[in-house]
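Since the structure comes first, as structure tokens, the remarks are kept for the end.
The values are calculated or read from the model by the stated rules, or taken from the named source; none is laboratory data. It should be emphasised that the depicted structure is a prediction, and the values quoted were computed from it without experimental measurement. Surface areas here come from the heavy atoms of the whole protein model, side chains and all, with no ligands, DNA or RNA. Shrake-Rupley method; radii C 1.70, N 1.55, O 1.52, S 1.80 Å.
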Amino acid sequence: MLCEPFLTSRSESGWDIPLLAWRAEAPLLAVGSAPLGGGIGVRGWVLNATVPMSYDRDDPAAHLAELAHGLDLGGPGVGLLTGVDVSEVVSRADGGVRVWATVGLGTPVWAAAPEPARPAVPEPAQRVGTVNIVAYVPQRLGDAALVNAVATATEAKAQAIWELGLSATGTPTDAVTVLCPADGDPAPYGGPRSAWGAPLARAVHAAVRSGGAGTVVPWSDRRAG
């Protein structure tokens, strides 16, 4: 089982920056798009780290590994980054599924947007927005069901964003991680009408819609004043 997350912080560049971490009671099977620990594999922890809007490191996986080491999170795990204050995480549960989301919608985009024309002069940097989703399903999912669960969570996120009034399916830097027990009879399906996909979709939808309902100020902007 994935335990409730604990909130802590790390000292970096003279700032105390929030970190949110989950430990697993036993290693879990995970699938996802995280910079650290993405793909499919057995993972023992999850880390969601706030970063300032000026973040410019080109080695996010190594950075996340350093942060995990500082929290004594050993072995393989999952690491995510966001400009959102991770203390604002939204948690929802449905039918045994647990979902946690940090929701930043500062750069909403359509997934299939046309290729932009090259500007004559450089455009100012866009506001970074990231939706990070961590989900736990209490039954082992087969490999195909794991992949389908990621699609289901993404579809539910897009539905919530549309219902919030944004013409978008997400942001350019969204990430999702779905975890489940590593042992047991695997459930074969993870689509939105399957036994586990349906509660997963409802929980993701509720978490993203709630987290995106208000104005989310990036952590570093709030700290600056």
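Close amide H partners of ARG10, meaning residues 5 or more places away or on another chain with modelled amide H under 5 Å apart, are ILE17, LEU19.
With protein chains left intact and a 1.4 Å probe, residues in the stretch 11-84 average 42 Å² of accessible area per residue. Both radii are taken from the alpha-carbon atoms of the stretch 5-129; with Rh as the Kirkwood radius, Rg/Rh is 1.01. Can you name the helices of the chain, as whole DSSP H runs, whose Cα span along the helix axis is 24 Å or more and whose Kyte-Doolittle mean is not below -1.0? In the chain, the long hydrophobic H runs are 143-163. Within the chain, antiparallel bridges make up roughly 75 percent of the DSSP beta bridges whose residues both belong there.
For the chain, carbon and sulfur atoms together expose 55% of the accessible surface, with a 1.4 angstrom probe and every protein chain in place.
If you look at the Cα atoms of the stretch 167-217, you get an Rg and a Dmax of 14.2, 43 Å.
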